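Here the structure is laid out as structure tokens; the discussion comes afterwards.
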Amino acid sequence: MNVKPESTQTTTRRRFAAYAWGVLAYNLAVILWGAYVRASVSGNGCGSHWPLCNGEVIPTAPQLKTLIEFAHRLTSGLSVVLLIVLVVWAWRAYPRGHRVRRAALLSVVFIFTEALIGAGLVLFDYVAQDASVGRALFMSVHLLNTFVLLVVLALTAWWATGAPRVCLRGQGLVPHLFALGLCATLVLAVSGAIAALGDTLFPARTFAEGFSRDFSPAAHFLLRLRVIHPALALMAGCYVVLTASYVSNFLRPTQRVKRLTALLVTIFLLQLGAGLLNLYLLAPVWLQLTHLFLADALWLALVLTAAAALASPAQQAEQSATIELHAAEEL
């Protein structure tokens, strides 16, 4: 075989892609730890101080909840550093105007808005046992910002691997189908965040007790909203799965779209099972975190499926030709 040595640029970009995927994985871990802060009622571990913790840079004689909250702040701060490195590296590895540069830059923008929203939760005391409308709204905005952050991080890594850019023109019905699916998933995610908050603040001792409280006219608004989540999960999930399956089989029957659709369907089934188990077991913390991880994974699978289905036709053809050329050279 005649194998040509890799260029320095190719090696740098492959390393950048690996780093970008690693940063995405790290941020998923930070998100899960943030959910643990909420589920363990440790959001007030640093008091109403931000960025300091109980008025100190490093808390002295901290309680357990202080350690939990402080650890979340440290890991979030490291995430900012990792994303700044991501941007600098993208600027060195890719030319001006490249989509990887733009996506990496947006990730820094959204990590800072993420930090500001988190600071607002602390400074307005929307933590611990607070069950106000303000906290529900802040958490909803927080979740939406988190999901957008995951999108730009995933696309940074996705495009760094050489995937074609997204093109909306001339794609027929496909952009509209996925746009509706993405919006439905965001609404579902917000309802899930509110349901999780209700599980934390108003735990039920038995399944029957929780069911009756959810449908009681005197129930807190968080409990009444919690009822909506399972119905939305079924409707939005079925729509997303059916849409992706239809697109992958009839409109964009490429191997990449088919593989991502299969992954999407698998995660949806796991998520559905985890949600039902979460209801039955009365939302233990470990299962809440599992449920959230699967929700994040489902969101990322949907985003990447849409990106693959909406790939620029010209770039997709060029990429296929390049792959065939490399295969011919190795023969």
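Structure values in brief
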| quantity | calculated |
| --- | --- |
| Whole-number accessible area per residue in Å² for the range 136-270, which is evaluated in the context of all protein chains at 1.4 Å | 49 |
| Cysteines without a disulfide-compatible partner [the chain; Cβ-Cβ under 4.7 Å] | Cys167, Cys183, Cys238 |
| Highest-first arrangement of 285-291, 241-247, where packing means the average Cβ count within 10 Å | 241-247, 285-291 |
| Computed lengthening from Leu234 to Phe250, 0.36 nm per intervening residue step minus Cα-Cα distance | 3.4 nm |
| Dipole magnitude of the chain, debye to nearest 20 (Cβ charges: Lys/Arg +1, Asp/Glu -1, about Cα centre) | 620 |
| DSSP-loop trypsin sites (Lys or Arg not before Pro) across the range 128-182, with at most 15 other Cβ within 10 angstrom | Arg169 |
| For the range 1-78 versus the range 236-272, the gap between their alpha-carbon centres in whole angstrom | 30 |
| The range 19-123 - accessible surface per residue (Å², probe 1.4 Å) | 49 |
| Fraction of accessible area attributable to carbon and sulfur, the chain (%, probe 1.4 Å) | 70 |
| Mean ellipticity per residue at 222 nm, deg cm²/dmol - from DSSP H runs of n ≥ 4 across the chain, formula -39500 (n - 2.57) | -26000 deg cm²/dmol |
| For the chain, with +1 on Lys and Arg beta carbons and -1 on Asp and Glu, the positive-most of Thr8, Thr60, Phe221 along the dipole | Thr8 |
| Listed values (1) 51, 42, 36; (2) 60, 58, 35; (3) 69, 47, 34, entry calculated as Cα extents along the principal axes in Å | (3) |
| Sequence-separation-based contact order of the range 160-241, relative, with Cα cut under 8 Å and 6+ spacing, percent | 37 |
| Cβ-Cβ FRET estimate between Val227 and Thr266, R0 fixed at 30 Å, reported to 0.05 | 0.65 |
| Pairwise label distance in nanometres, Ser7 with Thr60, each label 7 Å out on the Cα-Cβ vector | 5.8 |
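The values are calculated or read from the model by the stated rules, or taken from the named source; none is laboratory data. It should be emphasised that the depicted structure is a prediction, and the values quoted were computed from it without experimental measurement. All Cβ positions, even for glycine, are placed from backbone atoms using ideal geometry, and neighbour counts span all protein chains on display. The area values use the complete protein model at the heavy-atom level, side chains included, leaving out ligands, DNA and RNA. Shrake-Rupley method; radii C 1.70, N 1.55, O 1.52, S 1.80 Å.
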